[in-house]
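So the structure is just underneath, and the comments pick up after that.
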Amino acid sequence: MSPSTLLVRPPAPANPSLPPRRCGPVSAAAATLRTSPAASSVAQFSRLRTKCRFAAPGVREDYSSTPIDVVADVKTEKIVVLGGSGFVGSAICRAAVAKGIEVVSLSRSGRPSYSDPWADEVTWLAGDVFYARWEDVLVGATAVVSTLGGFGNEEQMKRINGEANTIAVDAAKEFGIPKFILISVHDYNLPSFLLTSGYFTGKRKAESEVLSKYPSSGVVLRPGFIYGKRKVDGYEIPLDIVGQPLEKLLSSVENFTKPLSALPGSDLVLAPPVNVDDVAYAVINAVIDDSFFGVFTIEQIKEAAASARV
């Protein structure tokens, strides 16, 4: 008997009705079953690969059911306001709350007698900067704002304007707080011999400490006369009755009075007052804007406040 003929089935022709195939390599389990033992050693890498997908030309695949992980870089702020129960400090606390910033105030008197809703959003701490437990005060803070300052005899002014602020700056730096913002004072173009009083020397000492410890994130604001509605012992003193019209008047004639600014002490008359809310929002701008640092004049304070209000 002659040997039978070996029949070989030709490969099936491609089905033109099937859509083009778009496929990534198979899963680890399938790879193990379909590959030789020699190739199975690479199967462990198949978990990084995708499953097969089929898509007809011109048909858009729907990925709406595919979860997408989005990592949002959301910056949250928490500030510590030294002297937060005072005239300027309370305005800063109020503006910060309005901007959704967490606020802690440290002052000798603790919580003020404000009944405003924003005051309930502030953590009020009673304490003295010279004896503060900084590990409790500064925890979680991203910036410290100091409104510390006052008048008195020479030693008192040096202590509260200079030493108290210096202690606060050093504590903030030691605890790794990224920013320090100091409310200082305009020099009014006074002669140098008049700037030797404890008030100015204390403020300038504090400024020097801020700028040396925080060269690229420290902020010094130098406002002139600050006006607004100031509460003292339960009474409201409307400083804006004088300050607001005076600010408008001096700003309107600024181009004419500029030549006089070179005269010693001229700014005692010509420097425009600053609204306490402008000071507060300039502070907010310093908190949220990492490019905002250095020494800021009266006009620059107003510009910064306008930016923060937007």
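Read-outs throughout are calculated quantities, based only on the coordinates presented, and are distinct from any laboratory measurement. Predicted model, so just to flag it, every value in this text is computed and none were measured. Because the Cβ atoms are built from the backbone with ideal geometry, glycine has one as well, and the counts that use them run over all protein chains shown.
As an exercise, use a Förster radius of 35 Å and the Cβ-Cβ distance of D170 and I241 to find the FRET efficiency, rounded to the nearest 0.05. Step by step, r from the Cβ atoms, then E = 0.30. Normalised by 2.2 N^0.38 Å, where N is the number of residues, the C-alpha radius of gyration of the stretch 139-234 stands at 1.13. Cα-based radius of gyration for the stretch 76-129, normalised by 2.2 N^0.38 Å, reads 0.98.
Distance between the pseudo-spin-label points of K99 and E121 (7 Å out from Cα toward the beta carbon): 1.2 nm. When the Cα atoms of the stretch 249-310 are aligned to their principal axes, the ranges along those axes come out at 37, 22, 17 Å in descending order. With R₀ fixed at 25 Å, the C-beta to C-beta distance from F130 to S212 puts the FRET efficiency at about 0.75.
Summarising the amide proton neighbourhood of V220: residues at separation of 5 or more, or on other chains, whose placed amide H is nearer than 5 Å comprise L182, G294, V295, F296.
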